[in-house]
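Beneath this line is the structure, given in structure tokens, with notes to follow.
The values are calculated or read from the model by the stated rules, or taken from the named source; none is laboratory data. None of the values given here were measured: they were computed from a predicted structure. Reconstructed Cβ throughout: ideal geometry from the backbone, glycine too, with neighbour counts over all protein chains shown. All accessible areas refer to the heavy atoms of the entire protein, side chains included, with ligands and DNA or RNA removed. Shrake-Rupley method; radii C 1.70, N 1.55, O 1.52, S 1.80 Å.
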Amino acid sequence: MNAQVSQNPLSSVPDRVSLYEVSPRDGLQNENATVPLSGKVRLIDALVAAGLERIEITSFVSPKWIPQLADADELTRVLRERPLHDVRLSALCPNPKGLDRAKKADIKEIAVFVSASETHNKKNVNKTIDQTLCAFEETIGPAREAGMSVRGYVSTVWGCPYEGDVAPERSIAIAKKLFDMGCYQISFGDTIGAGTPRLTRDIVMRALDTLPLAAIAMHMHDTRGAALANILVGLELGIRHFDASVGGLGGCPYAPGAAGNVATEDLVYMLHGMGVGTGVDLERLVEAARAAESIVGRKLPGKVHQAGIRSLRA
Ligand code: HMG
Ligand code: MG
């Protein structure tokens, strides 16, 4: 065996990672038919029952832009009455108006979002990147003063549906700004699932040179089937925080052709098989994926909930 082969990169994977579930937000924002409030609550209950501890439940954005999540205020009111134990609920929030809504909803965590490419950012939030970051000055600081945690997203890091390739240094510079403004963690988004492992390695290594390890998360859409391969690269490089969406629900209404995030059950299956803990019960997660299918009324792309996990032992 030569030296290169004996240095097994998979030997360095962590014992445990943290998952950030985005299906109620990223998943449902992209459904053609609006899911009723009761369906959203059912989905969130199923995710909690599976052991997910961080869930992005909705967006406090303009209901004209994202009508699917127009019931955000009501949803958070209903969830306050549910037994959610220690689950950390978060919601997307683009501006001070969204922050006011989040405060009234008693949400403890918000997530701000900006793209690394101008065209996607303009289409998504009707502002330039600089204007968006300016609006965040009035959102992140006041949120922190109100005792909230703030997460940040940088979208289109692996490519933009309008501009094509995006220079990694652009994304990293924006991520650093978000971190310096008070975001505790930056989620690097492959919004259109364009990434492949070599590019992922480059982006993650640059991120590691700029930000603390715990401040880096990966948000990989699976449009081209490479999300798990990219996550594996991140895992080997030490990343501990991954976004995922049960059943593979998701997409971005302002990124044509974007499919769902990596399916949570596929990610958990891979991680558990590698001895990496997640705190999630895979059987109950598969039930949550099936519940998600029944809630949206269509088959979802996640693989493990279709194949089942028991067949392995048959
Ligand atoms: P705008 O039209 O430029 O906003 O939209 P405005 O400030 O001019 O206000 C226009 C109207 O919207 C006003 O109401 C405001 O009050 C209202 P009117 O006077 O016309 O009745 N408004 C709001 N209403 C409720 N909540 C608010 C809010 N703000 C203004 N927070 C805006 C600007 C940012 C609001 C709009 O573009 C928007 O809501 N965009 C959201 C788009 C979105 O949610 N995209 C999907 C999420 S991003 C994503 O999926 C990527 C991610 O998953 C990572 C990845 O995959 O890479 C995160
Ligand atoms: Mg997304």
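The table that follows gives values for the structure above.
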| read-out | value |
| --- | --- |
| Criterion violated by residue 184 - all others in (1) open to solvent by less than 60 Å² (accessible area, probe 1.4 Å); (2) under 20 Å from residue 91 (Cβ atoms) satisfied | (1) |
| Index of the failed condition, residue 171 passing every other in (1) within 15 Å of the chain's Cα centre (by Cα); (2) assigned to a helix (DSSP H, G or I); (3) within 11 Å of ligand 1 (Cβ to nearest atom) | (1) |
| Flag for residue 70 being touching a residue at least 60 places away in the same chain (Cβ under 8 Å) and either within 16 Å of ligand 2 (Cβ to nearest atom) or among the hydrophobic types (A, V, I, L, M, F, W, C) (or both) | no |
| Hits in the range 218-236 (condition: open to solvent by 20 Å² or more (accessible area, probe 1.4 Å), among the aliphatic types (A, V, I, L, M) and touching a residue at least 40 places away in the same chain (Cβ under 8 Å)) | 228 |
| One residue from 103, 122, 127 being open to solvent by 10 Å² or more (accessible area, probe 1.4 Å) and over 20 Å from residue 181 (Cβ atoms) | 122 |
| Failed item, numbered, when residue 86 is tested on (1) open to solvent by 80 Å² or more (accessible area, probe 1.4 Å); (2) modelled with pLDDT of 95 or more | (2) |
| The range 252-265, subset surrounded by 24 or more Cβ atoms within 10 Å (Cβ to Cβ) and of a type outside the set (A, V, I, L, M, F, W, C), residue nearest to ligand 1 (Cβ to nearest atom) | 261 |
| Which numbered condition residue 173 fails, given (1) open to solvent by less than 60 Å² (accessible area, probe 1.4 Å); (2) in contact (Cβ under 8 Å) with a residue 24 or more places away in the chain | (2) |
| Helices (runs of 4 or more DSSP H) contained in the range 36-155 and holding at least 2 residues of a type in the set (A, V, I, L, M, F, W, C) | 37-49, 72-80, 96-104, 129-145 |
| Leading residue by the ranking (nearest to ligand 2 (Cβ to nearest atom)) among those in the range 220-233 that are under 15 Å from the mean Cα position of the chain (by Cα), under 24 Å from residue 121 (Cβ atoms) and not hydroxyl-bearing (Ser, Thr, Tyr) | 221 |
| Selection from the range 70-94 of residues that are more than 16 Å from the chain's Cα centre (by Cα) and within 25 Å of residue 32 (Cα to Cα) | 70, 71, 72, 73, 74, 75, 76, 77, 78, 79 |
| Residues that are in contact with a Gly (Cβ under 9 Å, 6 or more places away or on another chain), more than 15 Å from residue 298 (Cα to Cα) and outside any helix (DSSP H, G or I), drawn from the range 15-35 | 15, 16, 17, 18, 19, 22 |
| Residue 174 vs. criteria of a type outside the set (Gly, Ala, Ser) and either under 13 Å from residue 189 (Cα atoms) or touching a His at 6+ places or on another chain (Cβ under 6 Å) (or both) | yes |
| Matching entry among 8, 30 (being within 11 Å of ligand 1 (Cβ to nearest atom) and at pLDDT below 95) | 30 |
| In the range 141-157, residue surrounded by the fewest Cβ atoms within 10 Å (Cβ to Cβ) [restricted to those that are within 11 Å of ligand 1 (Cβ to nearest atom) and without any contact (Cβ under 8 Å) to a residue 60 or more places away in the chain] | 152 |
